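**Q** My questions will all concern the structure given below.
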Amino acid sequence: MRRIIVITLISLLAAALPLAYFGWQHLLSGVLERSAPQILISREHFHGVGLSPVTITIKVSDVGTGLDEVIIRVNQKQKSREVFRKKFLGENEQLIRYEFPGINSQLEEGSAELEVRAFDRSFWSNRSEERVTFKIDYRKPKIEVLTTQHNATHGGSQLAFYRAFDESLELSGVKVGSRTFEGFKAHGLDPDFNDPNLYVALYAVDLRDKVDGL
């Protein structure tokens, strides 16, 4: 009888070991996993904060237990201000778009730091953190148009020369209707144009556009 009991216990133990192993593996890959979330801050269309509202895009992901919370802060001159906080329910990926409201962003001219923190839903509440520095400039660029003839007709094109003055100039050009024709350094057109503030823009007027005047 005792031999039968021992054999039964050994059989039960042998059957339980794989279950225990897979259960432990599941536990380690689940609530006890130690992989931190991933944060990707896109600056493709974000060059800093100016007079107009601008949006920065942040991709947050976690392939383990999923996302629990994301916090965004703005740091400037040893002061930190929380601008975004959101709880999640274990989503594996989220795209966050935070908008700086231009001149109402409560930031001083100079530089500031964006701080993004993400937490997952594991037992350890694994955390990731990313920081990026950006500029704040509320001054409008100065523009001086040099060419005087801008009489392009529908279906035609025209060249405009101008000077643009700004330390943080990212884009300049000529806007016709809903389209913007980007300007470029005049030095690229002719090496004799050595003024670093001199730009040229080639623009066109679409036949489909209704333009009262140029």
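The values are calculated or read from the model by the stated rules, or taken from the named source; none is laboratory data. Model, not experiment: these values are computed from the prediction. All Cβ positions, glycine included, derive from the backbone under ideal geometry; neighbour counts span all protein chains shown. Just so you know, the surface numbers come from the protein's heavy atoms only, side chains and all, with ligands and any DNA or RNA stripped out. Shrake-Rupley method; radii C 1.70, N 1.55, O 1.52, S 1.80 Å.
**Q** Which lysines does residue 86 reach when only Cα atoms under 24 Å apart count, and residues fewer than 8 places away in its own chain are ignored?
**A** Output for residue 86: 59.
**Q** Please list, ordered by chain and number, the residues whose modelled amide H lies under 5 Å from the amide H of residue 33; skip anything fewer than 5 residues away on the same chain.
**A** HN-HN under 5 Å from residue 33: 123.
**Q** What list of ³J(HN,Hα) couplings, whole Hz, do you get for the stretch 77-87 from phi and the Karplus terms 6.51, -1.76, 1.60, once you set θ to phi - 60° and write x for glycine and proline?
**A** Rounded to whole hertz, the list is 6, 6, 10, 10, 10, 6, 10, 7, 8, 8, 8.
**Q** Restricting the calculation to Cα positions, tell me the Rg (one decimal) and the Dmax (whole number) of the stretch 75-121 in Å.
**A** 13.4, 38
**Q** Which of the GluC sites (Glu not before Pro) found in the stretch 71-104 are in a DSSP loop and have at most 15 neighbouring Cβ atoms, other than their own, within 10 Å?
**A** Sparse-neighbourhood loop GluC sites (Glu not before Pro): 91.
**Q** Starting at 0 and stepping by 10 Å, how many percent of the alpha carbon pairs of the stretch 75-181 end up in each bin?
**A** 9, 28, 22, 19, 13, 7, 2
**Q** Which aspartates and glutamates does residue 77 reach when only Cα atoms under 15 Å apart count, and residues fewer than 8 places away in its own chain are ignored?
**A** 108, 109, 113, 115
**Q** Now for a separate question. Leaving ligands, DNA and RNA out of it, report the carbon-plus-sulfur percent of the accessible area of the stretch 77-143 at a 1.4 Å probe.
**A** Here it works out to 46 percent.
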